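All remarks here apply to the structure that follows.
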Amino acid sequence: MNWLETMRSGLEAVRTHRLRSGLTVLGILIGIAAVMLTVGLGLGAQSTISAQVNALGSNLLIVTPGSSTSGGVRGGFGSASTLTHADATALADPTVAPDVKAVAPVVQRSEELLAGTTNWTTSVVGATPEWLSVRARTVSSGRFLTPQDVTDGGAVAVLGSSTAEQLFGRRDPVGQSVTINAVPFTVVGVLASAGSSAASNDDDQAVVPISTASARLVGGATAGSVQTIYVQARSADVVSAAYQEVDAELAALHKTTDPTSPDYTIATQQSLLSTANSIAKTLTVLLGGIAAISLLVGGIGVMNIMLVSVTERVREIGLRKALGATPRAIRRQFLVESSVLGLVGGLLGLALGIIGALLLPRVISNPVTISPAAAVGALAVAVGIGVAFGVYPASRAARLAPIDALRSE
């Protein structure tokens, strides 16, 4: 038997038992589609995380306060009020931190905004003009805060696109008035949309001068404190140098005696990205491993069907061997059958995975990324499963003695 005859015989055997072959293919199909969609979800999550983090700039440092202790209970990082306006001013000094381009201190709290008879609760951010460039944001209409707004403690506000829509609908909000904590503010601009994530909505906020927020919104003992200091390095190449300069200056200002436990925390975008991607990869591997179990089940199904096929075709095998077919030819025929089952299951699973990648994001609002390498790998795995789980049945058929096979009932 040549290869062409072997292929013809294998395909004919698969076609003869359509239902049995279809059920066998179904196991591989489900396994391939599940693995592709699981890995695609993981890759999509990683790309989304990377886009969100990189949108803030790869040269961004985020300084937050350390932990607080109250009643013997230690709070998490960011719960203390250890950062001040003076810290931000010092970090902006080029003689202190030459690798720092811009510094933007921030205070933030949730407040109710009132525009006419419409009210909306959102995050009110007290910031400086540098906030716009440091956070890589743009203004779609009007203007942003100016140094004069901060110096005068002006009652002006820049709204996020979602906040503006909730308060004013389709009306132009620039020039309109909103009330925040019983203080009337004039809307001077609207931020361009930056999108949202499960953690936050950057389009739902109102930005006011930090001096105004500290005096009229925060007040009290925390009026001189800031919740976050965004530090922008001059380029991504000098982030490490900027980090060291910021750390050294804050350690001197805060008189840190133990370098291992300062009362502030400095995070970089790359560290946040690495942590988030590490979590996404771990989940992808975990879910991919679970989905791969269905591939194992599909492979066992292939072996089971091929063993049944060998049992049913004992007389056929004996006749072929009596007419001169070698054990190698018999083995090759059954391996072709199992490979065809794996290939068909892989192709159908690949098609189902691509369809799922197109439809699933509409349901879960998360992208699913199917790479060409994953598609080729899926086909290779499917054929490999067919071959691997067809070896034993093929070898068993090849070992049958012709006389014993012809005598079987």
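Take each peptide in 164-172, 341-349, count the other Cβ atoms within 10 Å of every residue, and average; sorted highest first, the result is 341-349, 164-172.
Here's how it looks for residue 82: its modeled amide H is under 5 Å from those of 66, which are all 5 or more places away or on a different chain.
Phi angles of the stretch 384-397 translate, via the Karplus equation with coefficients 6.51, -1.76, 1.60 and θ = phi - 60°, into HN-Hα couplings of x, 5, x, 5, 4, 8, x, 5, 5, x, 5, 5, 5, 5 Hz per residue; Gly and Pro are given as x. What the phi angles of the stretch 31-47 give under the Karplus curve with 6.51, -1.76 and 1.60, with θ = phi - 60°, is a coupling list of x, 5, 4, 5, 5, 4, 5, 5, 5, x, 5, x, 5, x, 5, 5, 5 Hz, glycine and proline written as x. As a fraction of the 1.4 Å probe accessible area of the stretch 89-224, surface on carbon and sulfur atoms comes out at 49 percent. Charge dipole (Cα centre; +1 on Lys/Arg Cβ, -1 on Asp/Glu Cβ; no other charges) of the stretch 138-213 amounts to roughly 140 debye.
Taking each residue as 0.36 nm, the span from residue 283 to residue 256 lengthens on full extension beyond its C-alpha to C-alpha distance by 5.9 nm.
Along the charge dipole of the stretch 124-198, Cβ charges K/R +1 and D/E -1, which of 181, 153, 164 sits furthest on the positive end? Positive-end residue among those listed: 164.
If R0 is 51 Å, the Cβ-Cβ spacing of residue 201 and residue 395 corresponds to a FRET efficiency of close to 0.25.
The values are calculated or read from the model by the stated rules, or taken from the named source; none is laboratory data. Note that the structure is a prediction, hence the values are computed from the model and not measured. Neighbour counts run over all protein chains shown; Cβ positions are idealised from the backbone, glycine included. These area figures cover heavy atoms from the full protein model, side chains too; ligands, DNA and RNA do not enter into them. Shrake-Rupley method; radii C 1.70, N 1.55, O 1.52, S 1.80 Å.
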